[in-house]
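The values are calculated or read from the model by the stated rules, or taken from the named source; none is laboratory data. Since the structure is predicted, the reported quantities are computational estimates derived from the model, not experimental observations. Glycine gets a Cβ as well: all are built from the backbone with ideal geometry, and neighbour counts include every protein chain shown. Ligands, DNA and RNA are stripped out before the accessible areas are found, and what is left, the full protein with its side chains, is counted by its heavy atoms. Shrake-Rupley method; radii C 1.70, N 1.55, O 1.52, S 1.80 Å.
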Amino acid sequence: MNAAQRQRIIRSGWLKKQGGMVRTWHRRWFCLNNDFLFYFAKEDDSKPLGCIFLPGNRVCEVPFNPEEPDKCLLEISADLSLMEDPGKGQTRVTSNHETYLLWAANDEERQKWIKNIRKVMYSSFGGAIFGQSLEETMAFEHKLNRRLPYIMEQCVHFLTKNGLDVEGIFRLPGRNLLIKELKERFDSAERVVFDIEEVDVHTVASLLKLYLRELPQSVIPAEYYQKFMNIALRYQSAQTPEDKQKAIFDLRESLPDIPTDNFHILSFLCKFLALVSRNSEVNKMTVLNIATVFGPNIIRNVSEADSAELLMATADITQQLVFMMIEYEKDVFVEKQVDTTPVGNLLDLEPEDNTCVLKPTSLNLMDCINKELFGSEIPASEFEELLALQQLSLDGVSPIAENKPVAPVRRKKMANRRGENRKVVMSGTEEELETHFPVGPESPDSENQDSELAESSDSLYNGQTAVELDIHSKCEQLEQQNKTLQERGVQQEVKINEMRMKIARLERYMKELTRSNSVIVQRYEARISTMDNAHKNAIKTLQDKLKAEKKSTDEAVKRVMILQTQLQHYHLKYGELPE
């Protein structure tokens, strides 16, 4: 076995293997690597004596034999259930062995080997679930579109149908041999369906507790341990109903933070346990009793697994937390609604409609007016000329320069009036008429120029007047819109101020929470420290007592030896005493 293969070793150790013609036991070094179990004559050998291909086989624990109590045996054999026709097919594990019988040093070592071998054999088929993390178990269940482990669904379904009225459910133990058999069947990827004629309620309840107890991490992961313990402490030390409701609200807000699969499993379990507690008059299992049983299975710290003292010290707080989850399961198990809308700056408020918001820092009045009037931007020079033209019209000054001729229409009217005057004066003599009104020869070209000039000036005047009116109306509309936008700006400023006040209140609330959290942590640490000191004092007292008893025992032994010596001297001197 090369270095790369040694790095992929799942488990290794010494086992005894039965083999040979006379089936003697030989001590071999075994290495579990991927799908193979290699065995070597020595630990540092590079070439194995043989290997066992594990997929398609099964491993089981050999029952205890009173004649050989020191043997902890496990057997690897062919899995006949995976063969279409086992009578005609190959039923041997290898060509030389029908089965492999292995001998572990103790039962603990045997269980570890069985667990690791089953994980290789059945993990890809949904087996080896006992001792497997929820993440690995749910990775297979998701392939079947399932939200819960199969074993939990089957246990809860069976207990809901048959166990709600059974007294002592989850408190009385089940049958050990049947529990072990069911565990092996589930670990072997068998989809077990419970039958009331084959299993009893207490066995299924014990199997469910065993599955939760053997999880590498509790249903609530260890990284959330302190957070939930603080919530339970706040609930436990609450003096008013408002304080308890606040602790329940904190629990409701904190539960969706754990992984989604863990949340679904915890919600499913607590709703079932709440259903069990509602029949407590019959089954004698109140919420507090159930919380006591399931507390360490639902939440535990990593260090608690190796410290019974710490487990006992935090048992009441764990019990309080599970009590809250069961008692208020309808209130605390609410999934968070994920808002996929991107959130910007809280102070960058946008109106509900799509209208333009007045922003003085970025407002270009000329561009806005251009777009309103013409639908697009126009050169600034042309726009300034239009504004000047509009200003002159508002001041009552004619937009036409004074040195330009008056419109021809007005001249024609004046000519007509002059003609009328002439008609009136023509009643005199021709000499008088020529004296007062000398008439020169009229040029036909000048008349044509006057008519063309009149037409062009008339069209220019009419066009300029229309532009003036249009600009005036547009300016009024812009002033009205500007006024409306200013009102909206004031309203948004009010909203911004309200939001700032809310943010300030939230900051104060966060400071209060931080301060209260620190106080609770200090109380919790002080309580743990007190219990630790008491525990140390008790241990010291017991040690002192043990030393005193040992000293007393030593003195008694010495006294007995002295008496025996004196008795022997007496026998040598006077002989044995008559009976």
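Among the residues examined, Gln477 qualifies as surrounded by 10 or more Cβ atoms within 10 Å (Cβ to Cβ), in contact (Cβ under 8 Å) with a residue 24 or more places away in the chain and more than 30 Å from Ile231 (Cα to Cα).
Condition check for Ile169 on (1) open to solvent by 20 Å² or more (accessible area, probe 1.4 Å); (2) more than 31 Å from the chain's Cα centre (by Cα); (3) not polar (S, T, N, Q): one failure, at (1). List pairs: first residue in the range 110-122 and under 17 Å from Pro63 (Cα atoms), second residue part of a helix (DSSP H, G or I) anywhere in the structure, Cβ distance under 9 angstrom, at least six positions apart or on different chains. Close Cβ pairs (under 9 Å, with a partner that is part of a helix (DSSP H, G or I)) amount to Ile114/Glu184; Ile114/Asp187; Lys115/Asp187.
Just wondering, is there one or more residues in the range 269-290 that are among the aromatic types (Phe, Trp, Tyr), out of contact with any Phe, Trp or Tyr (no Cβ under 8 Å at 6 or more places or on another chain) and closer than 28 Å to Ile129 by Cβ?
From the range 269-290, those among the aromatic types (Phe, Trp, Tyr) are 272; that's our starting set.
Of the ones still in play, those that are also out of contact with any Phe, Trp or Tyr (no Cβ under 8 Å at 6 or more places or on another chain) are 272.
Those left that are additionally closer than 28 Å to Ile129 by Cβ: 272.
Checking the range 269-290: at least one residue is among the aromatic types (Phe, Trp, Tyr), out of contact with any Phe, Trp or Tyr (no Cβ under 8 Å at 6 or more places or on another chain) and closer than 28 Å to Ile129 by Cβ.
Results for (1) more than 30 Å from Asp250 (Cβ to Cβ); (2) among the basic types (Lys, Arg); (3) modelled with pLDDT of 90 or more, shown as yes or no for each residue.
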residue: Asp187; (1), (2), (3): yes, no, no
residue: Arg191; (1), (2), (3): yes, yes, no
residue: Asp200; (1), (2), (3): yes, no, yes
residue: Leu210; (1), (2), (3): yes, no, yes
residue: Leu215; (1), (2), (3): no, no, yes
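Scanning the range 480-497 for residues that are open to solvent by 100 Å² or more (accessible area, probe 1.4 Å) and under 36 Å from the mean Cα position of the chain (by Cα) yields a count of 1.
Residues are listed down the side, and each one gets a yes or a no for (1) among the β-branched types (Val, Ile, Thr); (2) open to solvent by 60 Å² or more (accessible area, probe 1.4 Å); (3) closer than 25 Å to Asn230 by Cα:
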| site | (1), (2), (3) |
| --- | --- |
| Met499 | no, no, no |
| Glu507 | no, yes, yes |
| Lys511 | no, yes, yes |
| Thr514 | yes, yes, yes |
| Val519 | yes, yes, yes |
| Ile528 | yes, no, yes |
| Asp532 | no, yes, yes |
| His535 | no, yes, yes |
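For the range 2-36, the candidate set comprises residues that are over 43 Å from the mean Cα position of the chain (by Cα), modelled with pLDDT under 85 and of a type in the set (A, V, I, L, M, F, W, C); within that set, the residue that is most open to solvent (accessible area, probe 1.4 Å) is Met21.
May I ask you to verify whether Thr292 is outside any loop (DSSP other than H, G, I, E, B), in contact with a Leu (Cβ under 7 Å, 6 or more places away or on another chain) and polar (S, T, N, Q)? Give the steps one after another, and end with the answer.
Values: outside any loop (DSSP other than H, G, I, E, B): yes; in contact with a Leu (Cβ under 7 Å, 6 or more places away or on another chain): no; polar (S, T, N, Q): yes.
Here the answer is no, as Thr292 does not meet what is asked.
For the subset of the range 302-339 comprising residues that are surrounded by fewer than 17 Cβ atoms within 10 Å (Cβ to Cβ) and modelled with pLDDT of 70 or more, which member is nearest to Ser237 (Cα to Cα)? Per the stated criteria, the residue is Asp316. Of all residues in the range 273-287, those being in contact with a helix residue (DSSP H, G or I) (Cβ under 6 Å, 6 or more places away or on another chain), part of a helix (DSSP H, G or I) and either open to solvent by 10 Å² or more (accessible area, probe 1.4 Å) or at pLDDT below 90 (or both) number 2. Scanning the range 112-128 for residues that are among the basic types (Lys, Arg) and open to solvent by 40 Å² or more (accessible area, probe 1.4 Å) yields Lys112, Lys115, Lys119.
Among residues belonging to the range 222-255 that are open to solvent by less than 30 Å² (accessible area, probe 1.4 Å) and over 16 Å from Thr314 (Cβ atoms), point out the one that is farthest from the chain's Cα centre (by Cα).
Kept after step one, since they are open to solvent by less than 30 Å² (accessible area, probe 1.4 Å), are these residues of the range 222-255: 222, 225, 228-233, 235, 238, 247-248, 250-251, 254-255.
Those left that are additionally over 16 Å from Thr314 (Cβ atoms): 238, 247-248, 250-251, 254-255.
Details: Ala238: 28, Ala247: 20, Ile248: 19, Asp250: 16, Leu251: 15, Ser254: 10, Leu255: 9 Å.
Among those that are open to solvent by less than 30 Å² (accessible area, probe 1.4 Å) and over 16 Å from Thr314 (Cβ atoms), it is Ala238.
Evaluate the following for Pro69: is it modelled with pLDDT of 75 or more, part of a loop (DSSP other than H, G, I, E, B) and within 21 Å of Arg8 (Cα to Cα)? For Pro69, the condition - modelled with pLDDT of 75 or more, part of a loop (DSSP other than H, G, I, E, B) and within 21 Å of Arg8 (Cα to Cα) - is not met.
Take the residues of the range 129-152 that are free of Cβ contacts under 8 Å to residues at least 60 places away in the same chain and open to solvent by less than 60 Å² (accessible area, probe 1.4 Å): which is nearest to Lys209 (Cα to Cα)? Looking at residues that are free of Cβ contacts under 8 Å to residues at least 60 places away in the same chain and open to solvent by less than 60 Å² (accessible area, probe 1.4 Å), I get Tyr150. Of the residues making up the range 182-221, those that are open to solvent by 40 Å² or more (accessible area, probe 1.4 Å) and basic (Lys, Arg) are Lys183, Arg185, Arg191, Arg213.
When the range 37-46 is filtered for residues that are open to solvent by less than 70 Å² (accessible area, probe 1.4 Å) and either at pLDDT below 85 or among the charged types (D, E, K, R) (or both), only Asp45 remains. Do we find a residue being out of contact with any Lys or Arg (no Cβ under 9 Å at 6 or more places or on another chain), among the β-branched types (Val, Ile, Thr), in contact (Cβ under 8 Å) with a residue 12 or more places away in the chain and part of a helix (DSSP H, G or I) anywhere in the range 226-241? There is at least one residue in the range 226-241 that is out of contact with any Lys or Arg (no Cβ under 9 Å at 6 or more places or on another chain), among the β-branched types (Val, Ile, Thr), in contact (Cβ under 8 Å) with a residue 12 or more places away in the chain and part of a helix (DSSP H, G or I). Out of Val199, Val166, Val193, one residue alone is touching a helix residue (DSSP H, G or I) at 6+ places or on another chain (Cβ under 6 Å), outside any helix (DSSP H, G or I) and closer than 24 Å to Lys271 by Cα. It is Val166. If the condition is being aliphatic (A, V, I, L, M) and in contact (Cβ under 8 Å) with a residue 40 or more places away in the chain, then the range 520-579 contributes Ile520, Val521, Ile528, Met531.
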